[in-house]
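Coordinate-derived values only; no laboratory data. As the structure is a prediction and not an experimental result, all values here were calculated from the model. Don't worry about glycine lacking a Cβ; one is built from the backbone with ideal geometry, like all the others, and counts go over all protein chains shown.
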Amino acid sequence: MSLRQTTASAEHLALDISKTTTDPFGAFWHQKTLAPTLLSRIDPYMATYEKTPLYGCTMGVKDLFMVQGTPTTAGSRMLSDFIAPYTSTVIQTLMDKGAFFTGKTSMDEFAMGSFSNTSSFGRTLCPWDTQRSAGGSSGGSAAAVAGGLVDFAVGSDTGGSVRQPASFCGIVGFKPTYGALSRYGMIPYASSLDQAGFLTKTVDDVRYLLEVGVAEHRDVRDPTSIDVGPYEIYEKTHHTIGYLPHLLETLPTAIAAEYQRVLDGWSSQGVTLVPVEIPLLDHAADIYYIIACSEASSNLARYQGVYYGKKIQESSGDYFEDVSLVRSTYFGTEVQRRILLGSFMQSSEQKDVLFARARQLRKALSSEIEYALSHCDFLMLPTVPMVAPRWDDIEHMTPHEIYLSDYLTVGFSLAGVPAISVPLGSIEGAPLGMQCVGSRFKDYQLVEDVYTITKGLV
Amino acid sequence: MKKFGDYYVTIGLEIHVALATSKKLFSTTPNTFQSDTLTWFDIGVPGVLPVLEREPVEMAVAFGLATQSDIRHVSYFERKHYFYPDLPLGYQITQQEDPILWGGSVPIRLDGVDKTIAIEHSHLECDAAKSVHDASDDYTLIDVSRVASPLLEIVSRPCMHSPEEAVEYAKAVHRLVVALGICDGKLQEGSFRVDASISLSKDPSRLGTRVECKNISSFSFLKAALMHEITRQSDILDDGSSVVMETRLFDETHGVTRSMRSKETVAEYRYMRDPDIPALVIDETFISDVQQRYATDFFDFREHLIAHVSQRGLILSEGQIELLCAYPRDVLLGGFTSTDVYWKTLAYWLPDLKARFPEARSLTLEQLQTLGSMDASASKTMLTTYISSETPWNECQPMTSLDPQWVAVIHEVLQTHPEQCDKMRHGDEKMKHFLMGQCMKRLKKHATPALILPYLV
C-alpha cells in the first residue's frame, strides 16, 4: 500500500500491530509491552488525524529513537531498562503528519554492525530468505517493510545502516543530507555522521514523505541541523548520470556485471552516462572507521553504571574497577571493539597521526565527490559489494572484512550527501540495490530524478 | 626579582569564575545552585544535544574587553574525557586548542609599584557535578545542580614571583569580575576558585618542577598554600632531592598542602573537537554590543576614581576602595561633580551603617545627591535615621526650625508652668530639664531638644 494513496482503516492499524507480535523475522522488540497500549490508541487516532497527509500509514521505528514512554534500548543490555522520557523530533514530526507508530524495530547494538547480529536481544532475518541476514544496523526496519509488517519504517544511517539493509532486503532506503533531519532524540553513535533515514517499498513513498515536509525545517534543539526548505523540484526530460568505471573493474564479477546491466538499461532509456572518478573511495572505509570509532568512544563514555546501566554486584571499592565491570558486562563485543579502537585513535600519540589524517582525508574525499557530482545529476553505483549473506558465511568473516564491505556507502556518509538505494539489481534471485547519490541539500531533486528514471522498474 | 632563600619562585594561577548567567552554558536550565529543575542535557540523557546560550559568551567577551584580550572571531569547543561520577557525560565540554580569548592582562599595584600580570588565555567550559561525601555513611552522593553551569577559566602566564603578587592578581581579577557583573564573587560558595602552580629554581631564567595546588577557598589560604609550598620545596631542594611534579590539595585546618592519591601516568583526556557544536562565531556587532552594556573600562575607571578621591584629600584603605568600586557606575559618576560629603557618605558612613543594619533599604542616586548637598553633620544624621529605622525619607530630613504651631505649644507649656519657668531663669538646671521633658512630651517627634532649647532660655 503506497503512502500517498493509503486509505485509512482501523483494521489495517490493528492488523499491523498484531503483526509485530507474530513477526517471524525478529524485526520487532518490546511488542508485549507496547502492543496493548498501541491498540488502545487506534480509535482516538482515527478520530483526530483524518486530515493529515500520512493518515492510516503504519510506521516502525528503530529502537535507537526516543519515543516517549517506550523502552528504548539501542539494542544494548546497557539500556535494557531504559524508558524514553521524550520523543525525538523526526518521529514527532512524522506522527504529527499522521504516521501511526506500531512498534520498535530491531537493530545492531548502538547502531554498530552490518548484519543485525551484534545485539544480544537477537538477530534479524531477511524476509525473502531467513537463512540470510537482513543487514544492519537498521535490519529490523528493513525486514519489517520487506516482510509486509508495516507501511514504512524509520532507521538511522551512519555508514550505510539504512541503505545496506534496503539493498539486502530488496526495498528502498534513503539517507538525507547530513543535517536535513534533526538528530534530537537519536541515541548517538557517531555525531558527525548519524542521520535518520527511511525504509520504504517504493521511491515514490520516499518522495511523498519529503513532499509532506518532513525535512523542511531545522530543529533549534539540534545545532547541526539545517533548513532544507520547502519541497521544490523542477521537471527534467533528460538526465545525466555519473558512474564509476573503476568499480566495474574492481568489484566481484557478479556485482560488476549487474552494475553494467543496469547502466546499459538506463542508457537505452536515453540517460546520458558520464564516467567519473573518486580515487579516495577505496580508502573510504579506513577514513570512516577512524572517525566513527573515535566519536563512538566519546558518545558512549556516559554509560558507566552511575546514571545508566545496572550495577553488577557490591562495589569493589574502586570506582574505575566498577565502571570497567559494568561496561564489559553490558556492552557487546562489537561495541567494545569500536570503543577501544576509538580511544586508541584519540590518544595523544595517535591523534595527530591517524585522526588528524582521517579528518584531512575526509575533506579531500568530500571534494572528490562534489567534483564528480558537478558533472552529472547524480551518481549511481552498487550499494553493497554483495547480496544478503548467509548466517553461516557471516561466521567466517573477520571484523576487518566486515568493515571493508561498507566502503561503497561510507564515503557518502563522510561527505554528508544524500543517497538512496533502489532495488534495481538481482543476482540469482537475491536483490542487489543500486545507490543513487546527489549533491548536498539537493535531496528533493535527487529523489525526483530517481523516481522519474525508475518509474515502472521497481 | 625577590628571592626566597636561594630560590626564585615562579607562580601561575588558573582561576575558575562561575558566570552569573540566568541559564546554564548549553541548556536552558536555570543557573542557580538551589535549582531543583534539571534538563536532560545536564545528566547526559542520550539524544539531547548541547545548544549554546548567548549570555555566557557575552560575559566572556566582556572580560576579554576589560583585560584587552584578543577576542577570537572563531573558536571551538572540545570534549575532555575522563571517567568520574561527577561527570555525567563522561566528558567535559571545554575549549582547548581554539579558545575564545587569547592573551590579555591585569594591572596590579604591590608595595606602591605598578605591574601588569599577563594572561595566557581564557576559555568557556562546563562545570562538573559535586561529590558530597558526608551526607551518608554508605554512599557518596552526587549533587547535579551545578553540572554544566558556565565557567570562565582564566589561565595566567607563569609570571608571578611572590605569593603577595599572586594574591594581588587574584584579588584584581576578583574585583573585575564582580564589577562587570559576571560573577557574584562568593569564594566560600565556589563562585571563584583558584588553583595555583608554583616552581622553584636557583636560576631565574629556568623554571623548576611545577607543583599544582587545589582546594584553595580564600585569598589568605592562597598565600598560606604558596608560602607552605615554598618552604616545602626549598627543604627538598636544599637536601639535594628533586621535587615531584604532582597535584596537591590544600588542607585548610593545618595550613599545609598534601599529596593527592598518586596517579602513575599523566592523564589521557583524548581531547576531541565536539561534533555536536558548530564553531562559535563572534562578529564586531556582538562585541560592540557587549562593550556598551558592560563596564569594560573597569581598570581605567578605577584608576581615575582613586585619583579623584585622593585629590579631594580623602584617605581610603584598599577595602574602602573596593567597596567604593562596587557601587553602580552612575552613582560614582555623580560624585565627580558633587561634594566631599557625597564621597564620605559612600566611602565611610554608608558602609558602616550597612554593616550594622544589613537589611536596610538602598539609597537612590537622588537621595545620595540630596545628602551630598547638606553639611556633614546634618547629612550623617539624616542618613543614620533612614538606614536605622523605617522612617520614610521625607521625614528623615533633620529639622532646622519649628513650625509656628509647635512654637505656640512650647509657649503654652511655659505659661502653664510659671513657677518652674521662674526657677529656670534663675539658673535651676533641673527645672530646665523638667520643662524640656514637658515640651518633648507634647511635641514628640515634631521637635528635637536642640530646637526647643532657644525658647526656654
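The phi-based Karplus calculation (6.51 cos²θ - 1.76 cosθ + 1.60; θ = phi - 60°) puts the 3J(HN,Hα) values of region A:158-172 at 10, x, x, 5, 9, 5, 5, x, 4, 4, 4, 8, x, 10, 9 Hz, whole numbers, x for Gly and Pro. List residues of region B:82-104, by number, whose backbone nitrogen lies under 20 Å from a label position 7 Å along Cα→C-beta of residue B:281. The answer is B:98-101, whose backbone nitrogens lie closer than 20 Å to the label point.
Under 30 Å of direct C-alpha separation, and excluding same-chain neighbours fewer than eight residues apart, residue B:380 reaches these lysines: B:344, B:354, B:432, B:441, B:444, B:445.
Percent antiparallel among DSSP beta bridges with both residues in the protein assembly as shown, to the nearest 5? Before the final figure, lay out each step's value.
On the way: 84 of 101 bridges.
Antiparallel bridges: around 85 percent, rounded to the nearest 5.
Hey, what D do you get for the protein assembly as shown in µm²/s if you plug the Kirkwood alpha-carbon radius into Stokes-Einstein at 4 °C and 1.567 mPa s?
Values: Rh = 32.7 Å.
Once the numbers are plugged in, D ends up at 40 µm²/s.
The helix-based estimate of mean residue ellipticity at 222 nm for the protein assembly as shown, built from -39,500 (n - 2.57) per DSSP H run of four or more residues and divided by its residue count, is -11500 deg cm²/dmol to the nearest 500.
Close amide H pairs (under 5 Å, H built 1.01 Å from N) link residue B:246 with B:212, residues at least 5 positions away or on another chain.
Mind checking which of A:384, A:358, A:402 is farthest towards the positive end of region A:337-458's charge dipole, using Cβ charges of +1 (Lys, Arg) and -1 (Asp, Glu) about the Cα centre? After comparing all options, I get A:358.
Between residue B:241 and residue B:22, what length in nm is gained on full extension when 0.36 nm per residue of separation is reduced by their alpha carbon distance? Walk me through the intermediate numbers first.
Numbers: separation 219, 0.36 × 219 = 78.84 nm, distance 5.06 nm.
The span from residue B:241 to residue B:22 would gain 73.8 nm if fully extended.
Roughly how many Å is it from the Cα centre of region A:398-456 to that of region A:229-272, as a whole number? So the two Cα centres are separated by 11 Å.
In this simple spin-label model, placing a label point 7 Å from the Cα along the Cα-to-Cβ direction at both residue A:273 and residue B:227 gives a separation of 8.7 nm. For region A:184-281, averaging the sequence separation of C-alpha pairs within contact (under 8 Å, six or more residues apart) and dividing by the residue count gives a relative contact order of 22 percent. Extending 7 Å from the Cα toward the beta-carbon at both residue A:356 and residue B:217 defines two label points whose distance is 4.3 nm. The fraction of all Cα pairs in chain A landing in successive 20 Å bins from 0 to the largest distance is 27, 59, 14, 0, given as whole percents. Our estimate of slack between residue B:378 and residue B:252, defined as 0.36 nm per intervening residue step minus the Cα-Cα distance, is 40.7 nm.
By the beta-carbon count within 10 Å of each Cβ, the least crowded to most crowded order of A:13, A:247, B:110, A:64, fewest first, is B:110, A:247, A:13, A:64.
If we count every other residue with Cβ under 14 angstrom of residue B:270's Cβ, Lys/Arg +1 and Asp/Glu -1, where does the sum land? Spell out each step's value before the answer.
Values: positive: A:351, B:79, B:80, B:273; negative: A:295, A:349, A:352, B:78, B:97, B:268, B:274.
Counting the neighbours of residue B:270, the net charge comes to -3.
A simple charge model with +1 on the Cβ of Lys and Arg, -1 on the Cβ of Asp and Glu and nothing else charged puts the dipole of the protein assembly as shown at about 1480 debye relative to its Cα centre. Shape of region A:330-458 from its Cα gyration tensor (a ≥ b ≥ c, root eigenvalues): rounded if a/c is under 1.5, otherwise prolate when a/b > b/c, or oblate? The shape class here is oblate.
Report the antiparallel proportion of the DSSP beta bridges in chain A as a percent, rounded to a multiple of 5.
Numbers: 29 of 43 bridges.
That works out to approximately 65 percent antiparallel.
Using the Cβ-Cβ distance between residue B:422 and residue B:399 with R0 set to 22 Å, the FRET efficiency from 1/(1 + (r/R0)^6) comes to roughly 0.15.
Report the calculated FRET efficiency for residue B:110 and residue B:385 (r = Cβ-Cβ distance, R0 = 35 Å), to the nearest 0.05. Let's see the in-between values first.
Numbers: r = 42 Å, r/R0 = 1.19.
With a Förster radius of 35 Å, E is 0.25.
From the residues A:309, A:253, A:269, which one has its Cα farthest along the dipole of region A:228-313 in the positive direction, the dipole being from +1 and -1 charges on Cβ of Lys/Arg and Asp/Glu about the Cα centre? So the residue we want is A:309. Site pair residue B:445 and residue B:135 shows an inter-label distance of 4.7 nm when each label is modelled 7 Å from Cα along Cα→Cβ.
In whole percents, the pair-distance distribution calculated for region B:102-188 from its alpha-carbon pairs, binned every 10 Å from zero, is 14, 36, 27, 17, 6, 0. For region A:1-88, trypsin sites (Lys or Arg not before Pro) meeting the loop criterion (DSSP other than H, G, I, E, B) and having at most 13 other Cβ atoms within 10 Å: A:51.
How would you rank B:229, B:390, going from fewest to most other Cβ atoms within 10 Å of each one's own Cβ? Provide the component values of the computation, followed by the final result.
Working: B:229 26, B:390 7.
Taking fewest neighbouring Cβ atoms as first place, the list is B:390, B:229.
Counting pairwise Cα distances across region B:307-378, what percent come out greater than 17 angstrom? All intermediate terms of the calculation are to be shown ahead of the outcome.
Numbers: 1014 of 2556 pairs.
For region B:307-378, the share of Cα pairs beyond 17 Å comes to 40 percent.
FRET efficiency for the residue A:51 to residue A:237 pair, using the beta carbon distance and R₀ = 35 Å, is estimated at 0.50. Count Lys and Arg as plus one, Asp and Glu as minus one, and take only other residues whose Cβ is under 12 Å from that of residue A:201; the net charge is then -2.
The mean of 1/r over all pairs of different alpha-carbon atoms in chain B, once inverted, gives a Kirkwood hydrodynamic radius of 26.5 Å.
Compared with the dominant Cα axis of chain B, that is its longest principal axis, helix B:163-180 is turned about 70°.
Give me the Debye-computed log₁₀ of I(q)/I(0) at q = 0.13, 0.25 Å⁻¹ for region A:66-134, equal point scatterers on Cα only, no solvent, two decimals. After summing over all Cα pairs, the log10 values are -0.45, -1.07.
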